[in-house]
Amino acid sequence: AKKNARQEAVYFTNAIGAHYENRLGLESSLRGALCRQELELYYQYQVRLDNGQIEGMEALLRWKHPELGFISPLDFIPIAEETGLIIPIGEWVLRSACEQQRIWKEQGYGDFRMSVNVSPYQFHDDQLADRFLEIIAETGIEPTQLVIEITESLAIHNVERVIVQLDKLRECGVQLAIDDFGSGYASLAYVKQLRPSILKIDRSFVCCIDDMDEDCRMAGAIVALGKALHIHVLAEGVETEAQLQFLKETGCDEIQGYYVNRPMPASEISQQLESAGN
Ligand code: C2E
Ligand code: CA
Ligand code: CA
Ligand code: CA
């Protein structure tokens with residue numbers, strides 16, 4: 001399945017390459033995608049291991065291209081980052097996710113966190129924290145129910161600047177999760193500097209649990225680290241019952257992955273919440 005995913009990504013990249021004569025074409029198309037409402041958020045559950053409750057929901061961005069179909073965020077986020085489009089796109093993502101969370105809350109389901117991915121490039125904008133707090137206020141989401149997911153690559157340069165903004169958000173109750181934890185170079189330094197409330201074990205340490213090799217010991221070690229530091233640990237990319245059982249035994253707090261659900265449009269999540277509710 002892994003190989004297929006990679007082949008798919010290559011296919012998409014080629015299809016994008018074949019569709020646009022140059023990067024500018026793709027760029028302007030992405031620019032227009034926002035106002036043409038071609039962007040959509042899918043949602044995936046984050047579930048507690050001890051009682052199966054939905055603790056959180058991660059918003060994952062999709063671009064429904066009129067001719068190419070779905071384009072993966074892995075293919076267009078880098079372009080958004082290079083062109084600065086990540087700023088308006090990132091704000092759209094936050095606003096949409098917060099609005100959806102409010103809708104679910106009004107329907108009586110919204111007692112879970114909402115997680116939004118934030119690109120390191122968004123932190124190049126010194127207004128990020130202020131803009132985010134405005135959007136939080138406008139949409140009426142509880143700041144304590146919002147989680148910002150950032151990957152370890154963030155601290156490559158100018159950590160101090162990032163911390164100033166994170167502190168502003170944290171002061172208002174916004175939570176921070178370190179995404180892909182363990183896959184970067186400075187994991188422990190990051191934990192100390194960024195003081196996250198959640199660590200997300202990188203998928204690469206989860207998918208190999210079935211073989212019981214070193215990678216599964218890494219997952220266990222991250223759980224132990226979380227326990228020692230009183231940080232919640234969430235394992236991502238959980239696909240099998242064996243992975244779930246192993247993580248349960250190590251004391252991991254939460255899981256996310258195809259084993260629980262695939263990322264789905266808000267309407268499908270609503271249907272599931274509704275049928276689970278009665
Ligand atoms: P991520 O934040 O690490 O998100 C997890 C990715 O793993 C998602 O891919 C999700 O669909 C996929 N996934 C979830 N469960 C499983 C599983 O059990 N097995 C496997 N093989 N995969 C699983 P997706 O949605 O294609 O997103 C890819 C990446 O794009 C994300 O990785 C994130 O870094 C980025 N991304 C997505 N949405 C946004 C966004 O709104 N803003 C920014 N800046 N980046 C985003
Ligand atoms: Ca994420
Ligand atoms: Ca991740
Ligand atoms: Ca990732």
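Among the residues of region 108-139 satisfying the criterion of being modelled with pLDDT under 95 and part of a helix (DSSP H, G or I), which is nearest to ligand 4 (Cβ to nearest atom)? Looking at the filtered set, the residue picked out is Pro120.
Of the residues in region 212-227, not one is within 13 Å of ligand 1 (Cβ to nearest atom), closer than 21 Å to Gln44 by Cβ, at pLDDT 85 or above and open to solvent by less than 50 Å² (accessible area, probe 1.4 Å). Is it true that Gly257 is at positive phi, buried (at least 20 other Cβ atoms within 10 Å of the Cβ) and modelled with pLDDT of 95 or more? Here the answer is yes, as Gly257 does meet what is asked. Scanning region 195-203 turns up no residue that is of a type in the set (Lys, Arg), part of a loop (DSSP other than H, G, I, E, B), open to solvent by 10 Å² or more (accessible area, probe 1.4 Å) and under 20 Å from Gly110 (Cα atoms).
Applying the set (1) surrounded by fewer than 22 Cβ atoms within 10 Å (Cβ to Cβ); (2) more than 19 Å from the chain's Cα centre (by Cα) to Leu247 leaves exactly one unmet item: (1). Do we have Thr151 as open to solvent by 10 Å² or more (accessible area, probe 1.4 Å) and under 21 Å from Tyr42 (Cα atoms) here? Spelling it out, Thr151 is indeed open to solvent by 10 Å² or more (accessible area, probe 1.4 Å) and under 21 Å from Tyr42 (Cα atoms). Only residues that are within 15 Å of ligand 1 (Cβ to nearest atom) and either at pLDDT 90 or above or at positive phi (or both) were counted in region 175-189, giving 7. Of the strands (runs of 3 or more DSSP E) contained entirely in region 17-104, those carrying at least 1 residues that are closer than 22 Å to Ser197 by Cα, under 18 Å from the mean Cα position of the chain (by Cα) and modelled with pLDDT of 95 or more fall at 39-48, 54-65. Between Leu94, Leu49, Leu68, the distinction of being more than 14 Å from Leu146 (Cα to Cα) and surrounded by 18 or more Cβ atoms within 10 Å (Cβ to Cβ) belongs to Leu49 only. For the structure I just gave you, tell me whether Ile222 is under 28 Å from Ala137 (Cα atoms) and within 15 Å of ligand 3 (Cβ to nearest atom). Judged against the criteria, Ile222 is not a match.
Check region 130-142 and report whether any residue there is under 18 Å from the mean Cα position of the chain (by Cα) and within 16 Å of ligand 2 (Cβ to nearest atom). No: zero hits.
Whether any residue in region 203-212 is within 15 Å of ligand 2 (Cβ to nearest atom) and of a type in the set (A, V, I, L, M) is what I want to check. Yes, region 203-212 contains at least one residue that is within 15 Å of ligand 2 (Cβ to nearest atom) and of a type in the set (A, V, I, L, M).
The set of residues from region 42-64 being within 13 Å of Asp111 (Cα to Cα) and touching a residue at least 40 places away in the same chain (Cβ under 8 Å) comprises Tyr45, Gln46, Val47, Ile54, Glu55, Gly56, Met57.
The values are calculated or read from the model by the stated rules, or taken from the named source; none is laboratory data. Keep in mind that this is a model prediction, so the values were computed, not measured. Cβ coordinates were reconstructed from backbone atoms using ideal geometry, including for glycine residues, and neighbour counts include every protein chain displayed. Side chains are part of the model used for accessible areas, which takes the heavy atoms of the whole protein and leaves out ligands, DNA and RNA. Shrake-Rupley method; radii C 1.70, N 1.55, O 1.52, S 1.80 Å.
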